[in-house]
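A.B. asks: Sharing a structure with you now.
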Amino acid sequence: MVDAPAPCAASCRGAQRGVISEPAPFPEAAWRRVGAVVVTHHSGRVIGDCLRAIAAADQVIVVDNASDDDTLAIVLAEAPRATIVRNTVGLGYGNAANQGLARVDREFALLVNPDSLITPQAVAALVAAADRYPDAALVGPVLLDGAGRFGPSHHLALFDRAASMLAGVEGRPDGEVCAHYLSCAVALVRMSAARAVSGFDPDIFLYFEDDDFCLRLRRAGWSLLLAPDAEVVHTGGGSVRPSLGHTWEKYWHLAWSRLYCEAKWRGPAAGRRLALRHTARWAGKALTNLLVDNLSKAFNHAGRCAGSVAFLAGLPAARGGAPALGPQDRARAA
């Protein structure tokens with residue numbers, strides 16, 4: 001069952017009032033305290049721009065999930081000093097991120113999706129915010145789409161998300177915010193906090209791993225902070241080369257992971273009830289769209305239905321091979 005959310009830690013309470021941040025330190029000084037972690041999977045279309053944006057980082061770790069395009073060739077060309085972890089099979093995002101986090105030897109890690117562009121000034125702003133709020137485990141930037149439009153990346157807590165979307169997503173804040181949830185598309189991670197909760201849940205292959213991560217950090221007494229003076233362009237949907245197989249995998253895991261989190265945080269019975277509802281819902285939507293010849297939507301809903309059925313059958317999503325952050329990694333904690 002979900003524990004009552006931890007209140008914002010004392011150091012973060014000022015952020016709830018939208019306090020405007022102080023000037024950030026020089027980017028070079030900030031980068032020396034940060035290890036950048038990028039997880040790739042058929043990301044050749046976007047990884048070059050991403051790596052050029054973090055070229056000033058002293059430590060770059062790229063974890064590749066069995067890409068068969070030119071991803072690794074681009075990584076070698078653009079970041080020859082990067083540490084590269086090559087997985088011969090895809091381990092999913094959370095497992096791969098844990099592999100990268102285990103190799104970070106700095107105070108902070110910067111999780112960066114391949115389809116994101118972050119400036120040195122944004123990194124400096126994130127580090128400055130983390131210094132002001134030492135109980136903040138995650139510090140997130142404002143995410144902008146390719147056209148510069150604000151995209152919600154905070155306060156969409158998992159079990160309140162549907163109601164929040166219906167009520168209208170909160171706009172861009174004027175000052176720092178102590179949040180219930182932060183997207184890990186781009187996020188500064190305090191390594192001592194990540195190790196304290198063993199990183200991402202290795203049983204989640206794709207999707208909702210950042211929801212679970214945020215819930216566990218908050219339950220452990222840490223806070224999550226949005227720093228709106230740090231801006232990052234996140235185009236979204238560009239981290240993986242489009243394909244029919246990827247589309248099926250996406251919707252399968254969206255369904256499975258949501259149900260896994262329901263069962264983990266609200267109990268097995270709640271997970272099974274939601275799985276039964278979702279199975280019927282997605283099967284009905286798939287059939288309806290098939291009848292009106294909307295094959296694309298029918299395929300997507302069929303993937304969700306299959307993921308729901310797999311969860312009911314007790315099938316795992318993660319393929320194994322990457323342990324959570326453990327005691328052997330804690331010696332590196334800052």
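The values are calculated or read from the model by the stated rules, or taken from the named source; none is laboratory data. Only a predicted model underlies this, so the values are computations on that prediction, with no experimental measurement involved. All Cβ positions, glycine included, derive from the backbone under ideal geometry; neighbour counts span all protein chains shown.
A.B. asks: Answer yes or no as to whether Val189 is assigned by TED's automatic domain parsing to the domain that holds Ala53 and closer than 21 Å to Gly100 by Cβ.
C.D. replies: For Val189, the condition - assigned by TED's automatic domain parsing to the domain that holds Ala53 and closer than 21 Å to Gly100 by Cβ - is met.
A.B. asks: Also: Which count do you get for residues in segment 58-77 that are surrounded by 18 or more Cβ atoms within 10 Å (Cβ to Cβ) and not polar (S, T, N, Q)?
C.D. replies: Number of matching residues: 8.
A.B. asks: I'd like to verify a number: residues in segment 270-302 that are loosely packed, with under 14 Cβ neighbours inside 10 Å and among the basic types (Lys, Arg), how many?
C.D. replies: Number satisfying all stated conditions: 1.
A.B. asks: With respect to the numbered conditions (1) modelled with pLDDT of 90 or more; (2) not in a loop (DSSP other than H, G, I, E, B), which one is the sole condition not fulfilled by Arg330?
C.D. replies: (1)
A.B. asks: Something else about it: Regarding Ile84, is this residue closer than 13 Å to Gly44 by Cβ and of a type outside the set (S, T, N, Q)?
C.D. replies: Spelling it out, it is not the case that Ile84 is closer than 13 Å to Gly44 by Cβ and of a type outside the set (S, T, N, Q).
A.B. asks: Now for a different question. Just to be sure, is Ala227 farther than 30 Å from Pro141 by Cβ, touching a helix residue (DSSP H, G or I) at 6+ places or on another chain (Cβ under 9 Å) and surrounded by 18 or more Cβ atoms within 10 Å (Cβ to Cβ)?
C.D. replies: Here the answer is no, as Ala227 does not meet what is asked.
A.B. asks: Go through Val60, Val85, Val75, Val123 for me and flag whichever is without any contact (Cβ under 8 Å) to a residue 40 or more places away in the chain and in a helix (DSSP H, G or I).
C.D. replies: Val75
A.B. asks: How many residues are modelled with pLDDT under 95 and outside any strand (DSSP E or B) when one looks only at segment 212-237?
C.D. replies: So the answer is 3.
A.B. asks: When the residues of segment 78-121 are filtered to those that are touching a helix residue (DSSP H, G or I) at 6+ places or on another chain (Cβ under 8 Å) and of a type in the set (Lys, Arg), which remaining residue is surrounded by the fewest Cβ atoms within 10 Å (Cβ to Cβ)?
C.D. replies: Per the stated criteria, the residue is Arg86.
So that you can scan it fast, the table gives a plain yes or no per residue for (1) buried (at least 24 other Cβ atoms within 10 Å of the Cβ); (2) modelled with pLDDT under 95:
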| residue | (1), (2) |
| --- | --- |
| Pro23 | no, yes |
| Phe26 | no, yes |
| Ala29 | no, yes |
| Val38 | yes, no |
| Ile47 | yes, no |
| Leu51 | no, no |
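A.B. asks: A further question on this structure: Of all residues being at positive phi and hydroxyl-bearing (Ser, Thr, Tyr) in segment 183-224, which is surrounded by the most Cβ atoms within 10 Å (Cβ to Cβ)? Just the residue, please.
C.D. replies: Tyr207
A.B. asks: Condition first: within 15 Å of the chain's Cα centre (by Cα) and among the aliphatic types (A, V, I, L, M). Now tell me which residues in segment 192-205 satisfy that.
C.D. replies: Scanning segment 192-205 gives Ala194, Ile204.
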